[in-house]
Every structure is written in structure tokens, then in C-alpha cells.
Amino acid sequence: MRTFTLALAILGSTALTAPAFADPQMRIVDDPLELSIHMHWPRAQGYGVGGDADKIYPVEQAARDLTGIHLTDATSGKNTKDSAEAMNLLIASGNMPDIVGGHLIKQPVNEYGPQGAFVALNDLVEEHAPNIKAFWDSHPGLKEAISAYDGNYYYIPYLPDGKYGRAYFIRQDWLDKLELQQPDTVDDLYEVLKAFRDQDPNGNGLKDEIPSFFRNWEEVIRLVVLWDARSSGSDTYHDFYVNDAGQLVHPYAEAAYRDGLAMVAKWYAEGLIDPEVFTRGSSAREYLLGENLGGFTHDWFASTSGYNIALADKVEGFNFVPFLPPKSPSGRRLEEHRRIPIKPDGWAISYTNDHPVETIKYFDFWFSEQGRLLSNFGIEGEQYDIIDGEPVYKPEVLDSGQPVNAQMWAVGAQIQRGYWQDYRYEWQWTAEAARRGIELYDQHDILTDQFLGVAFTKKEQEVYDRYWPSIRTYMLERQQAWVLGSGDIKADWDDYVETLNDMGYDKVIEVLNAAYERQYG
């Protein structure tokens, strides 16, 4: 690593023309080459098992053996789980490792890349990374989505696979007991939730059912979608979205949100939504299903359907099934959440790196067939076997009682390096009920395009940073207060919109749309 002053950082150009190294056995260098890495992400603050640099990931060791590249941990901010804070600490220290990776790196990399802190990857990929180049060629538009305002891109992203993420789930055993049909419209859902509240579907003689619950409180806000509003434009909560006129707006400034949130507040006041939805947290699903109290939610296909197996012996007849999104009053059936094709996570090459060609070849290794298997499934013969040409997890992985994704993180697979996820990894531990639900969703046109983000110029970024954080805070404070019954969103709406504009909302929207037009045309 070297110390750098951002204002004086410049990109070296000689390394970009180094000859390509071809090796059919994945070997990039003859002698081991160490490259330092900052790798900060929510589940590990450092590049090693549990963030411990002394405990090498088995996947890292396998990559070392195959490529000759050895990554060594140099992560800043190990005392915080906030990756943005860790990145700020890294930049402020001026002590840049060869590779900067992990969670939410897109914004700082696109901001500081054009200033010289990170290496532009366009030519490096074109000349030395055939697997990454093939990915861009087969997925048009994604390279543009990660590019900075200067037209260059500075990081290789984590690229999710698959279409569906979350789904609407309902207690089919409760519906059967009460002789009710699965709700087809939002009005049907309202009647079902009232029945769950009043008719004792768990059969314990108590009025203790929680008709609807959510692990993430943001999902209660997503209910506005059932009344033709939007809550986000991407798989990130509270994001901007592209409206029917092709303009970026924020859902919480739109009239449809006003009307939808008024209905959410009504449902909350009537006891149809978990009274502890803002405080119960991530344990809500496990507790409320395990105690036979919860009736309806919106959550991940694979993990939520797994409760049918986990609770089979505890809750008699337990049957929690995905069903189609209820139709809105206009007849719209929308699943707002989907797997975004490109994440703001991944890794970049810092300007201090003396080996950009070897590094981009290393990045490219993870897009090769062997590297993709390694990054998704772990070690062949230990976590999985190849059977009839397909990677298949060993029974001891699938039947261990531990989440498969957690097992992968522990060995260094499925972590937030720049790699292309393989949905076959998740399908293997997706319960049959969820598989049927995915097939059901696939029969209907219920997904919408996602906003993939923009790259600001320095001046645009200054406008965004000046106004947006306080606007967002105000929006979230008001929406929670309205749901809890403090104020009336319809009565307060005009003052709310005026306050947003006084706080600079119009200025934020202006720079967003300027950047959007420049980036996507």
C-alpha cells in the first residue's frame, strides 16, 4: 500500500498496454503475487473467515492455488459495521490497498475514480478480461449503469442472478380453517386480515393473532403498492423510480403514495398490522410463525417457504404459501421487489496498484466457469459435487440445519466481491412450496423495470449531498408518524409537499434527471 493525496493522484498508463498472459490452467503469475484488499461488508469486516485476516477462506486458498494471486487483508473500519463509514475512513486515511471492495462501493468509486483514486477498467477489460467482456456483451446496458459521469467504469460489480426475490405469503391452513379463498384483490385481503384478527384461526381461544407482520418495517410501507402507489424503484428501500413519463421522481412525493399510506394507517389503526412492526425487527418472522400467531407477510421466497419444513412438527397443519400480489383498485397486479441485475457492491483497482493487468485478470478469473463455481458453491468435493454436469450441494450442506447461504459465507463463497451469482445455488435449497410460487409468479407479467442508479458530476453530487439526506430523513419520520396515527396524511399533504420543496426536493430531482438523461439517453 501507499499513501496518496487525492488531489494529486494520477492514473499510470504504461500498465494498460502490458501483454496479456494466457494460461489454460488459470495461472496468472508464475510466482505468487500478493495484492492487498479492503473488503468490508455487513457480515464480515475484513477479508477472512469472520473478518479475521489470519483465517483464510477456503475459497481464497483455492483461488490462490489456481491463479497465483494471493489477497491479503487491509480493511479499514473493522470496528464498525457501516461499510460507508469504513470507506470514508479508508479515503480519509489516504492509505489505499491494491483492491478496494465490499458493500456499497459504487458511489465513492464513481466519485473518486475520475479524480484519479481508482483505475478506469474499460481498456483493461477489453484487452485482458475476456470473460467479463463476454458478460457485458451478453447483458447490454449494465456496463452503462455502473459507469461514472466521465463514461468510464471503475469497479466490477456483484451481479445477482434470478428474477424473483420476495413474495406475498399467507397462512393457507388458516384460510382453510375459516373456509376462505386466497385474496385476489386488496379488498379481499382486507376481509381476510379482518377474519384472521376476529375468528381465532390458531384455535387457542385468544384474540392474539397478528394478521400481518413484517421482518423489515419498510415492508409495511410497501403495502402502498396495493393501492397503485410505489415505495421504491429498485431492490433498495426508499429509492427513486422512473415514472410513466420517463422521469425520475421519489415515490414519497407522489399523490398515489398519499392515498396508499392513508390506507396503511387505517389498517394499522384497525389492528390488521403488527402493532410492533417498527420495533420487533428481524425476529418477527421466526417468533410469530413459531408461536402460530402470524398470518400474512411479504418476504423472501426461499427462506420464508422453509418454515413449512421447520415448523411441521411444532404447528399442526402449518402451511405458509406464496400467492399472487393482490390486485389494486385499478386492477394492477405488481410485485415491486425483484432481484436487481447489478449491485453497488464489488471491487475496484486503486491507483496505488502496481499490477493492474494481473489484477484485472484475477477479476476475470471469477467470471470463468471454474471461478464462477468457486464463488457460488465453495469447494468441489467439500461443499458440492458435479453430477451430470451440474453443481449439486452435498447432503451434509443441505441437511445441516444451517442456512446454506451462511455456510457459503463461512468458506468465502457468495461474498461481495465482483462476481456473477448463479441462481442454481439458491434453487437447491428452495422449498417445494416456494418453487411452485415462483412458477406461479412466472405465469404473470407482474415485475417492473428497476432504476439502476446514476453517476453524478462533482457539482451534481454536491447538490444531492446538500439536500437529499435531510429530505429523506423528513420523509421517513413523517411516514412512520402517519402510520402510527400521529397526524393525517391527507390533511397534512399540501404542507408536506411544500416543506419538501423548501428543503430542496426540486433541486435533487433536477440533478437526478440530468444525470439520468446523460447516462441512459
The correct count of residues that are open to solvent by 10 Å² or more (accessible area, probe 1.4 Å) and among the aliphatic types (A, V, I, L, M) in segment 257-280 is 4
Does Lys314 fit the bill of being within 30 Å of Arg230 (Cα to Cα) and open to solvent by 40 Å² or more (accessible area, probe 1.4 Å)?
no
Helices (runs of 4 or more DSSP H) wholly inside segment 18-127 containing at least 2 residues that are open to solvent by 10 Å² or more (accessible area, probe 1.4 Å) and among the small types (Gly, Ala, Ser):
83-93
Looking only at segment 281-296, decide whether some residue is touching a helix residue (DSSP H, G or I) at 6+ places or on another chain (Cβ under 7 Å), open to solvent by 40 Å² or more (accessible area, probe 1.4 Å) and farther than 16 Å from Gln172 by Cα.
no
Qualifying residue in segment 129-146 (condition: outside any helix (DSSP H, G or I), within 17 Å of His355 (Cα to Cα), open to solvent by 10 Å² or more (accessible area, probe 1.4 Å) and touching a residue at least 40 places away in the same chain (Cβ under 8 Å))
no
Determine which single condition Arg435 fails, assuming it passes every other condition in (1) in a helix (DSSP H, G or I); (2) in contact with a strand residue (DSSP E or B) (Cβ under 8 Å, 6 or more places away or on another chain).
(2)
So Pro326 ticks every box in (1) modelled with pLDDT under 95; (2) in contact with a Ser or Thr (Cβ under 8 Å, 6 or more places away or on another chain); (3) open to solvent by less than 40 Å² (accessible area, probe 1.4 Å) but one. Which box is left unticked?
(1)
Across segment 148-189, the tally of residues that are surrounded by fewer than 19 Cβ atoms within 10 Å (Cβ to Cβ) and hydroxyl-bearing (Ser, Thr, Tyr) stands at 1
Per the filter on segment 275-303, residues modelled with pLDDT of 95 or more and part of a helix (DSSP H, G or I) are Ala284, Arg285, Glu286, Tyr287, Leu288, Leu289, Gly290
Go through segment 401-431 residue by residue and tally those that are open to solvent by 20 Å² or more (accessible area, probe 1.4 Å) and part of a loop (DSSP other than H, G, I, E, B).
7
Please count how many residues of segment 188-202 are out of contact with any strand residue (DSSP E or B) (no Cβ under 6 Å at 6 or more places or on another chain) and either of a type outside the set (D, E, K, R) or in contact (Cβ under 8 Å) with a residue 24 or more places away in the chain (or both).
9
Wholly enclosed helices (runs of 4 or more DSSP H) of segment 449-521 bearing at least 1 residues out of contact with any strand residue (DSSP E or B) (no Cβ under 6 Å at 6 or more places or on another chain), of a type outside the set (A, V, I, L, M) and modelled with pLDDT under 95
458-484, 505-520
Is there any pair linking a residue in segment 24-49 that is under 16 Å from Asp364 (Cβ atoms) to one that is aromatic (Phe, Trp, Tyr) and modelled with pLDDT of 95 or more, with Cβ under 9 Å and at least six apart or on different chains, and which?
Met26/Phe365; Ile28/Tyr362; Ile28/Phe365; Leu33/Tyr362; Leu35/Tyr362
Between Tyr351, Tyr362, which is buried (at least 19 other Cβ atoms within 10 Å of the Cβ) and in contact with a helix residue (DSSP H, G or I) (Cβ under 8 Å, 6 or more places away or on another chain)?
Tyr362
Being out of contact with any Lys or Arg (no Cβ under 6 Å at 6 or more places or on another chain), among the small types (Gly, Ala, Ser) and open to solvent by 10 Å² or more (accessible area, probe 1.4 Å) narrows it down to one of Ala245, Ala229, so name that one.
Ala245
(1) touching a Phe, Trp or Tyr at 6+ places or on another chain (Cβ under 7 Å); (2) open to solvent by 10 Å² or more (accessible area, probe 1.4 Å): which one isn't true of Glu254, the others all being true?
(1)
Can you report the number of residues in segment 432-463 which are of a type in the set (Phe, Trp, Tyr) and either in contact with a helix residue (DSSP H, G or I) (Cβ under 6 Å, 6 or more places away or on another chain) or surrounded by fewer than 17 Cβ atoms within 10 Å (Cβ to Cβ) (or both)?
1
So Gly401 clears everything in (1) out of contact with any Gly (no Cβ under 8 Å at 6 or more places or on another chain); (2) farther than 30 Å from Glu218 by Cα except one condition, right? Which one?
(2)
Count of segment 284-316 residues which are of a type outside the set (Val, Ile, Thr) and under 25 Å from Tyr425 (Cα atoms):
15
Could you check, for segment 249-263, whether at least one of its residues is part of a loop (DSSP other than H, G, I, E, B), on the phi < 0 side of the Ramachandran plot and touching a residue at least 60 places away in the same chain (Cβ under 8 Å)?
yes
Total residues in segment 375-400, condition over 21 Å from Ser305 (Cβ atoms), among the acidic types (Asp, Glu), part of a loop (DSSP other than H, G, I, E, B) and without any contact (Cβ under 8 Å) to a residue 60 or more places away in the chain:
1
I'd like the residue in segment 409-468 that is more than 19 Å from the chain's Cα centre (by Cα) and among the basic types (Lys, Arg) and, out of all such residues, is farthest from Ala148 (Cα to Cα).
Arg436
Any residue at all in segment 199-208 that is touching a Pro at 6+ places or on another chain (Cβ under 9 Å) and modelled with pLDDT of 95 or more?
no
Suppose we keep only residues that are among the basic types (Lys, Arg) and farther than 30 Å from Lys78 by Cα within segment 95-144. Which one would you say is nearest to the chain's Cα centre (by Cα)?
Lys143
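The values are calculated or read from the model by the stated rules, or taken from the named source; none is laboratory data. Since the model is a prediction, treat every value here as computed from it, not as a measurement. Backbone-built Cβ (ideal geometry, glycine too); neighbour counts: all protein chains shown. Each accessible area value is taken on the protein alone, full model and side chains, heavy atoms only, with ligands, DNA and RNA left out. Shrake-Rupley method; radii C 1.70, N 1.55, O 1.52, S 1.80 Å.
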